[in-house]
Amino acid sequence: MLKEGLYRHYKGTYYEVIGVAKHSETLEEVVVYRPLYGERGLWIRPLEMFDGLTENGAKRFVYVGENNG
């Protein structure tokens, strides 16, 4: 299971993971997250894609800790 908290994208930006939800029709698991820059709106991405690897084999998002702010 994916932890809630702060993640660093492989390009250096930071995101807050709110949690994992399920699509109402397909039951696919999706990650609900917020970029910690710009408008900071809520986004979703399939769990498999969020937790996956880039073309270079690096983790796309790396957990860096709890969100205390």
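Of the residues making up region 49-67, those that are closer than 13 Å to LEU2 by Cβ and either out of contact with any Leu (no Cβ under 7 Å at 6 or more places or on another chain) or aromatic (Phe, Trp, Tyr) (or both) number 6.
Can you tell me which residues in region 13-48 are farther than 12 Å from LEU2 by Cα, charged (D, E, K, R) and over 9 Å from the mean Cα position of the chain (by Cα)? Selection gives LYS22, GLU25, GLU28, GLU39, ARG40. The single residue among GLU4, GLU29, GLU48 that is surrounded by 11 or more Cβ atoms within 10 Å (Cβ to Cβ), of a type in the set (Asp, Glu) and touching a Gly at 6+ places or on another chain (Cβ under 7 Å) turns out to be GLU4.
Given the criteria at pLDDT 95 or above and in a loop (DSSP other than H, G, I, E, B), does GLU25 qualify? Yes: the conditions hold for GLU25. Of all residue pairs spaced 6 or more apart or on separate chains, those with beta-carbon atoms under 7 Å, a first member in region 7-19 that is closer than 12 Å to ARG34 by Cβ and a second member that is surrounded by 17 or more Cβ atoms within 10 Å (Cβ to Cβ) and among the β-branched types (Val, Ile, Thr) are TYR7/VAL17; VAL17/VAL31. Which one is nearest to PRO46 (Cα to Cα) among residues in region 7-21 that are surrounded by 14 or more Cβ atoms within 10 Å (Cβ to Cβ) and among the hydrophobic types (A, V, I, L, M, F, W, C)? So, considering only residues that are surrounded by 14 or more Cβ atoms within 10 Å (Cβ to Cβ) and among the hydrophobic types (A, V, I, L, M, F, W, C), the one nearest to PRO46 (Cα to Cα) is VAL20.
For region 49-62, the tally of residues that are under 12 Å from the mean Cα position of the chain (by Cα) and outside any strand (DSSP E or B) stands at 5.
The values are calculated or read from the model by the stated rules, or taken from the named source; none is laboratory data. Since this is a predicted model, take the numbers as computed values, not measurements. Glycine also receives a Cβ, built like all others from the backbone with ideal geometry; neighbour counts cover every protein chain displayed.
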